[in-house]
1. Residues being outside any loop (DSSP other than H, G, I, E, B) and in contact with a strand residue (DSSP E or B) (Cβ under 6 Å, 6 or more places away or on another chain): count how many of those fall in region 79-112.
2. Please state which one of 152, 121, 157 is without any contact (Cβ under 8 Å) to a residue 12 or more places away in the chain, surrounded by fewer than 20 Cβ atoms within 10 Å (Cβ to Cβ) and in the same structural domain as residue 169 (by TED's automatic domain parsing).
3. Among the helices (runs of 4 or more DSSP H) confined wholly to region 191-277, which include 3 or more residues that are under 28 Å from residue 149 (Cα atoms) and not assigned by TED's automatic domain parsing to the domain that holds residue 61?
4. Taking the condition surrounded by fewer than 16 Cβ atoms within 10 Å (Cβ to Cβ) and not assigned by TED's automatic domain parsing to the domain that holds residue 161, does residue 99 pass?
5. Considering region 63-78 alone, what residues qualify as being in a loop (DSSP other than H, G, I, E, B) and in contact with a helix residue (DSSP H, G or I) (Cβ under 8 Å, 6 or more places away or on another chain)?
6. What single numbered condition from (1) touching a strand residue (DSSP E or B) at 6+ places or on another chain (Cβ under 9 Å); (2) in a loop (DSSP other than H, G, I, E, B); (3) at pLDDT below 95 fails to hold for residue 46?
7. Applying the selection to region 242-266, what residues are touching a helix residue (DSSP H, G or I) at 6+ places or on another chain (Cβ under 8 Å) and closer than 29 Å to residue 90 by Cα?
8. Are any of the residues in region 195-212 in contact with a strand residue (DSSP E or B) (Cβ under 7 Å, 6 or more places away or on another chain), surrounded by 15 or more Cβ atoms within 10 Å (Cβ to Cβ) and within 27 Å of residue 113 (Cβ to Cβ)?
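The values are calculated or read from the model by the stated rules, or taken from the named source; none is laboratory data. Nothing here was measured: the structure is a model prediction, and the numbers come from that model. When we count neighbours, we look across all protein chains shown, and the Cβ atoms used for this are built from the backbone with ideal geometry, even at glycine.
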């Protein structure tokens, strides 16, 4: 699969990254998404938990940006805050220059659970329902967009099937089609392949990259897998263990270096930065 058209931009000054990519694109003047000094907290039955502490990063249009870190470092909490479901106690989140204060159709989330679809609706109805109820599209436009993205994820033959008849990987493809059909500014993916077996997971990663090749959508992807971060991302933000703080931002490697010594070297470097003190 060719991905020579991917957008890769140099890591910021002071960040650690792979060698300069010959296909690196010009950095846009304004980031699409800005996370500035964000501290997030949530309450449990017993105490107040600080999930992240003064986290900063920027995501540009067409980035495949990965949040990587161990369990409990606040990756998913950050995604919820960007989705508008959790208000920072410190700092700000801005999308297209506007502060995020609530959920909106400009940010769509794909979770790792397989039960995120409406079980009483078919594949096509699940995608169409999201479009029409949100007001993103109506009538013929909604139907055309629904069919287009179902085809993009290779499920046209299953358009009238119901979720209980689909495999886990197919359900995730429906969720991705639903998210992409909304044509959001950024697609938020919270460990979407964590529950899949290794072979299906690899196939889903490749399908995501194929879709990105076609449309260059912006994706913010959460994972705790170093290998997945390198394969999926163009840029990777490393977060420390609880509470999550930025350790480094890195460029991933170009696709032709996947499976080579360059990947092994980057995996070892990331592992050392995350876990060796």
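1. Keep residues of region 79-112 that are outside any loop (DSSP other than H, G, I, E, B), which gives 79-82, 90-95, 98-99, 107-110.
Next, only the ones that are in contact with a strand residue (DSSP E or B) (Cβ under 6 Å, 6 or more places away or on another chain) stay: 79, 81-82, 90-95, 99, 107-110.
The total comes to 14.
2. Working: 152 fails: without any contact (Cβ under 8 Å) to a residue 12 or more places away in the chain; 121 fails: without any contact (Cβ under 8 Å) to a residue 12 or more places away in the chain.
Going through 152, 121, 157 in turn, just one is without any contact (Cβ under 8 Å) to a residue 12 or more places away in the chain, surrounded by fewer than 20 Cβ atoms within 10 Å (Cβ to Cβ) and in the same structural domain as residue 169 (by TED's automatic domain parsing): 157.
3. Details: elements: 198-215, 226-232, 261-275.
Here the list reads 198-215.
4. On the way: surrounded by fewer than 16 Cβ atoms within 10 Å (Cβ to Cβ): yes; not assigned by TED's automatic domain parsing to the domain that holds residue 161: yes.
Yes.
5. Let us first name the residues in region 63-78 that are in a loop (DSSP other than H, G, I, E, B), namely 63, 69-74.
69, 70 - these are the residues of region 63-78 that are in a loop (DSSP other than H, G, I, E, B) and in contact with a helix residue (DSSP H, G or I) (Cβ under 8 Å, 6 or more places away or on another chain).
6. Condition not satisfied by residue 46: (1).
7. Those that are touching a helix residue (DSSP H, G or I) at 6+ places or on another chain (Cβ under 8 Å) and closer than 29 Å to residue 90 by Cα: 244, 247, 248, 250.
8. Step one: of region 195-212, the residues in contact with a strand residue (DSSP E or B) (Cβ under 7 Å, 6 or more places away or on another chain) are 212.
Adding the requirement that they be surrounded by 15 or more Cβ atoms within 10 Å (Cβ to Cβ) leaves 212.
Filter again for within 27 Å of residue 113 (Cβ to Cβ), leaving 212.
The answer is yes; a qualifying residue exists.
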